[in-house]
Amino acid sequence: MDTKAVLIERMTRFTLPKYTIRVWLQESLDYQYSVLGLSEVELVAHKNQDLPMRELVEKILEVEGVNAVECLDWTLNGIVAYANW
């Protein structure tokens, strides 16, 4: 495999009272997965969890390294937003 063509993203999934969120974050080619504590993304989400869905997603997209955010409501419908890569 040509490693120059590889893009590594870390995906994290968590839930808030109103939403289930998945976030994709840019990582380096040598990234190795490990279990981490509460991330900056999760802290931002919890702090802003009462915002409407789109505004919450926009706040999460402001975190450095975030490439995409998926936010779903209790019916498992919602939005996906991408950073301007």
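Read-outs throughout are calculated quantities, based only on the coordinates presented, and are distinct from any laboratory measurement. Computed from a prediction, not measured in an experiment: that's the story for all the values here. Cβ: placed from backbone, ideal geometry, glycine included. Neighbour counts: every protein chain shown.
Placing +1 on the Cβ of every Lys and Arg and -1 on the Cβ of every Asp and Glu, with no other charges, gives segment 7-49 a dipole of roughly 300 debye about its Cα centre. Within the set (1) 13.5, 44; (2) 12.7, 38; (3) 22.4, 66, the number that Rg and Dmax of the Cα atoms in Å takes when calculated for this structure is listed as (1). Once the C-beta distance of Val35 and Leu76 is scaled by a Förster radius of 41 Å, the resulting FRET efficiency is 0.95 to the nearest 0.05. Using 0.36 nm times the number of residues separating Ser28 and Leu7, minus their current alpha carbon distance, what extension gain do you get? Stretched out fully, the Ser28 to Leu7 stretch lengthens by 6.8 nm.
Toward the positive end of the charge dipole of the chain, with +1 on the Cβ of Lys and Arg and -1 on the Cβ of Asp and Glu, the farthest Cα among Met53, Thr12, Val63 is that of Met53.
Taking the square roots of five times each eigenvalue of the Cα gyration tensor of segment 1-48, the equivalent ellipsoid has semi-axes of 27, 11, 8 Å, listed largest first. Mean sequence separation of contacting Cα pairs (under 8 Å, at least six apart), scaled by the length of the chain, corresponds to a relative contact order of 28 percent. Charge dipole of segment 3-82 (Cα centre as origin; +1 on each Lys and Arg Cβ, -1 on each Asp and Glu Cβ, all else neutral): 180 debye, rounded to the nearest 20. With contributions of -39500 (n - 2.57) from each DSSP H run of at least four residues, the per-residue ellipticity at 222 nm computed over the chain stands at -5500 deg cm²/dmol.
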